[in-house]
Amino acid sequence: MLYFIPTPIGNRDDITIRAMKLFQSLEFFVCEDTRTTMKLMGMYDIPYKDKTFFSLTSFTSTNQLGRYIDILKTKDIGLVSEAGTPWLSDPGKSMIQLCNENKIPYTILPGANALIPAVVGAWFDTSEFVYRWFLPTKKGRQTKIKEILQSEIPVFMYESVHRIEKFLQELSQTGFQGQISIARELSKMFEQYFTGTVEEALVLIKEKKLPIKGEFVIGIKNIAAIEKVWFIHNLP
């Protein structure tokens, strides 16, 4: 059995009891970064020196694949990303294909991720939405933005701290009149939620009320379904 184990995205208390039990009981782990997984176990006082850790890169290597498939068929293994639910936006998605192709059972634990809190926290209707991961940095970027602006339901995606302001400016230049939501540093001390227009978001960034720090999840709604006012919520 392959266990997909979610880990906290910022607040260490967001680990689940089920995940903790698997950290304690499993012998083998496939990790996006083995050092991060060991450090995480250490935070919860879980002994890890007698466990075996494989990096995801080596585990999916063609040269090693046969050996690892044999392990999967006989042993329970935990799959762990850097943070959050593996592998909503990570290369480990290939592990699902690997299991299906080789008739290996797997189960995906519910747990921490940034997307769902951002969708829930947006101040517009999100009963339907589209998830687009990250925009391309160069080739195809403008095409993807045009596709987003044509969507009839809200579109959510991740954006890098290095490109968030640029993206908002790109939206503004298109004449976008809808609403956006921005969720920043979810589950961390400086968590913020914002819903409003692109222009209002850019003003808040300029005034440093919406710092360009941390990780961002962006929601875009083309036709505003609520009164066009902005709202920003800071944790007490």
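So the values come out like this:
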item	result
Partners for Lys144 among lysines (Cα-Cα distance below 17 Å; same-chain residues under 8 apart left out)	Lys166, Lys221
Taking N as its residue count, the alpha carbon Rg of the chain over 2.2 N^0.38 Å	1.14
Net charge of neighbours whose Cβ lies under 14 Å from the Cβ of Gly175, counting Lys and Arg as +1 and Asp and Glu as -1	-1
Distance in nm between pseudo-label sites at Tyr131 and Ile46 (7 Å out along the Cβ direction from Cα)	2.2 nm
Given Lys21/Lys51; Lys39/Lys75; Lys146/Lys213, the pairs whose alpha carbons are separated by over 21 Å	Lys39/Lys75; Lys146/Lys213
All aspartates and glutamates inside 13 Å of Lys73 as judged from Cα atoms, apart from same-chain residues fewer than 8 positions distant	Glu101
Segment Thr107-Glu82, length gained on full extension (0.36 nm per residue, minus Cα span)	7.1 nm
Values of log10 I(q)/I(0), in the order q = 0.10, 0.25 Å⁻¹, for region 118-211 under a Debye, Cα-only, solvent-free model	-0.25, -1.75
Region 1-144, relative contact order [Cα under 8 Å, separation at least 6], %	37 percent
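The numbers here are math on the coordinates, done by the rules we state, and not lab data. No experiment lies behind these values; they were computed from the predicted model shown. Neighbour counts run over all protein chains shown; Cβ positions are idealised from the backbone, glycine included.
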